[in-house]
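Quick one: this structure, given as structure tokens, is what I'll be asking you about.
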Amino acid sequence: MKELVRPSRLTPGARVAVVATSGPVPEERLQAGLDILRGWDLDPVVGPHVLDRHGEFGYLAGTDADRAADLQNAWCDPSVDAVLCARGGYGVMRMVELLDWNAMRAAGPKVLVGFSDVTALHEAFATRLGLVTLYGPMAAGIDFIKNARSQEHLRSTLFAPETVRTIASGGRALVPGRARGVILGGCLCLLASELGSAYARPGARGGLLCLEDVGEETYRLDRYLTQLLRADWFDGVRGVLLGSWERCEPYERVRALLIDRLGGLGVPVVEEFGFGHCEGALTIPFGVAAELDADAGTLTLEEPALH
């Protein structure tokens, strides 16, 4: 697995576009997020369809074509330095084929931030654009609006990435050891759903794999992991970082499953690493080479996430 191209860091006055790629966005949360971005001396602009709701499927923020157009237009706008997704939910998989990847590649590297359903975009940006992306809090997300740690870690990653070369989560070793690799991953159910897609990696070989999910029963998590195992998707993985399992079943039950399905991989595994759908979620750069120390609960980047 190769390291990917790192976009440039943000500077005061940078223009950032906020777009809705997935589910509908509550206006009051969007405005609160925009206020935080302005407080960072950024110039946020909002996609024209960010507050839309699909006429038939209320779980979508407007039509697939409009969501794709907002993302593509923001990415291809030379005045925009970063694109922040407004929220997750569901919808990226429906519109990723509608994007003009040649035009987006020609626009050059810039920063993409999001998590959860945005996992499908992280995969597509890796395979189609070869870019480092940030698995971090979203502009209209509750955690971004209300949690200082979440805000500050994202802000440091965007403006001063050399200050967060070591990500220390307080996580614990599920399987001890150290490993080096390129960081990838995201929401477990999305990675399983992307299996076989032309917009996703064929596997995690050579990678430090980040996994987390939300609102899933244990048997469904079992199904996703087993599907990936049966497809040999974990073959050659160097290490595993486990984030949050919010609104899943009691963690000890989930933990037993994770040991059962991942403990036999023969690689270091760290749990409760503090990214994903949890309070104070950390920002994790995908596509950067790093060293995982499961015993210490640290992830040390070989280079800053952004130039």
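Out of (1) open to solvent by 10 Å² or more (accessible area, probe 1.4 Å); (2) within 18 Å of D66 (Cα to Cα), what's the single condition that is false for G108?
(2)
Of all residues being of a type in the set (K, R) and touching a strand residue (DSSP E or B) at 6+ places or on another chain (Cβ under 8 Å) in segment 18-76, which is most open to solvent (accessible area, probe 1.4 Å)? Just the residue, please.
Going through segment 18-76, the residues of a type in the set (K, R) turn out to be 29, 38, 53, 67.
Okay, now just the ones that are also touching a strand residue (DSSP E or B) at 6+ places or on another chain (Cβ under 8 Å), so 38, 67.
On the way: R38: 115, R67: 1 Å².
So, considering only residues that are of a type in the set (K, R) and touching a strand residue (DSSP E or B) at 6+ places or on another chain (Cβ under 8 Å), the one most open to solvent (accessible area, probe 1.4 Å) is R38.
Identify the single condition in (1) assigned to a loop (DSSP other than H, G, I, E, B); (2) in contact with a Leu (Cβ under 9 Å, 6 or more places away or on another chain); (3) open to solvent by 10 Å² or more (accessible area, probe 1.4 Å) that A140 does not satisfy, given that it satisfies every other one.
A140 satisfies every listed condition except (3).
While we're on this one: Can you go through G207, G203 and tell me which one is of a type in the set (G, A, S) and without any contact (Cβ under 8 Å) to a residue 60 or more places away in the chain? Spell out how you get there, then give the answer.
Values: G207 fails: without any contact (Cβ under 8 Å) to a residue 60 or more places away in the chain.
Selected residue: G203, the only one of G207, G203 that is of a type in the set (G, A, S) and without any contact (Cβ under 8 Å) to a residue 60 or more places away in the chain.
Kindly list the number of the only condition in (1) open to solvent by 10 Å² or more (accessible area, probe 1.4 Å); (2) in contact with a Gly (Cβ under 6 Å, 6 or more places away or on another chain); (3) acidic (D, E) that fails for E194.
Evaluating E194 over (1) open to solvent by 10 Å² or more (accessible area, probe 1.4 Å); (2) in contact with a Gly (Cβ under 6 Å, 6 or more places away or on another chain); (3) acidic (D, E) leaves (2) as the failure.
What single numbered condition from (1) out of contact with any Leu (no Cβ under 9 Å at 6 or more places or on another chain); (2) assigned to a helix (DSSP H, G or I) fails to hold for A69?
Status for A69: all satisfied but (1).
Are there any pairs, at least 6 apart or on different chains, whose C-beta atoms fall under 7 Å, with the first in segment 16-44 and closer than 13 Å to G88 by Cα and the second of a type in the set (G, A, S) and part of a helix (DSSP H, G or I), and if so, which?
Note: pairs meeting the criteria are V19/A74.
Return a yes/no flag: does segment 147-165 have any residue that is outside any helix (DSSP H, G or I), at pLDDT 95 or above and open to solvent by less than 10 Å² (accessible area, probe 1.4 Å).
no
Considering only segment 27-59, state which residues are in a loop (DSSP other than H, G, I, E, B) and in contact with a Leu (Cβ under 9 Å, 6 or more places away or on another chain). Quick ask: steps written out before the conclusion?
Residues of segment 27-59 that are in a loop (DSSP other than H, G, I, E, B), as a first pass: 40-42, 47-59.
The answer is W40, L42, G47, V50, L51, D52, R53, H54.
Report the residue count in segment 223-252 for those that are farther than 25 Å from S169 by Cα and acidic (D, E).
Number satisfying all stated conditions: 2.
Let me ask something additional. Count, please, the residues in segment 273-298 that happen to be within 20 Å of E152 (Cα to Cα) and within 16 Å of the chain's Cα centre (by Cα).
The qualifying residues number 14.
Would you mention how many residues in segment 92-137 are in a helix (DSSP H, G or I), of a type in the set (D, E, K, R) and in contact (Cβ under 8 Å) with a residue 40 or more places away in the chain?
Quick first cut of segment 92-137, residues in a helix (DSSP H, G or I) only: 92-98, 101-106, 116-129.
Those left that are additionally of a type in the set (D, E, K, R): 94, 97, 105, 117, 123, 128.
So of that shortlist, the ones also in contact (Cβ under 8 Å) with a residue 40 or more places away in the chain come out as 97, 117, 123, 128.
Within segment 92-137, residues that are in a helix (DSSP H, G or I), of a type in the set (D, E, K, R) and in contact (Cβ under 8 Å) with a residue 40 or more places away in the chain number 4.
Just for segment 197-237: of the residues that are of a type in the set (D, E, K, R) and within 25 Å of P137 (Cβ to Cβ), which one is most open to solvent (accessible area, probe 1.4 Å)?
Looking at the filtered set, the residue picked out is R220.
Filter segment 276-300 down to residues that are surrounded by 23 or more Cβ atoms within 10 Å (Cβ to Cβ) and in a strand (DSSP E or B), then give me how many there are.
6
G177 - would you say it is open to solvent by less than 70 Å² (accessible area, probe 1.4 Å), touching a residue at least 40 places away in the same chain (Cβ under 8 Å) and in contact with a strand residue (DSSP E or B) (Cβ under 6 Å, 6 or more places away or on another chain)? It would help to see each step written out before you state the result.
Working: open to solvent by less than 70 Å² (accessible area, probe 1.4 Å): yes; touching a residue at least 40 places away in the same chain (Cβ under 8 Å): yes; in contact with a strand residue (DSSP E or B) (Cβ under 6 Å, 6 or more places away or on another chain): no.
No, not satisfied.
The values are calculated or read from the model by the stated rules, or taken from the named source; none is laboratory data. Bear in mind that the values here come from a model prediction, so they are computed numbers and not experimental data. Counting neighbours? That spans all protein chains shown, and the Cβs are built from the backbone with ideal geometry, glycine included. Heads up: the accessible areas ignore ligands, DNA and RNA and are worked out on the full protein's heavy atoms, side chains in. Shrake-Rupley method; radii C 1.70, N 1.55, O 1.52, S 1.80 Å.
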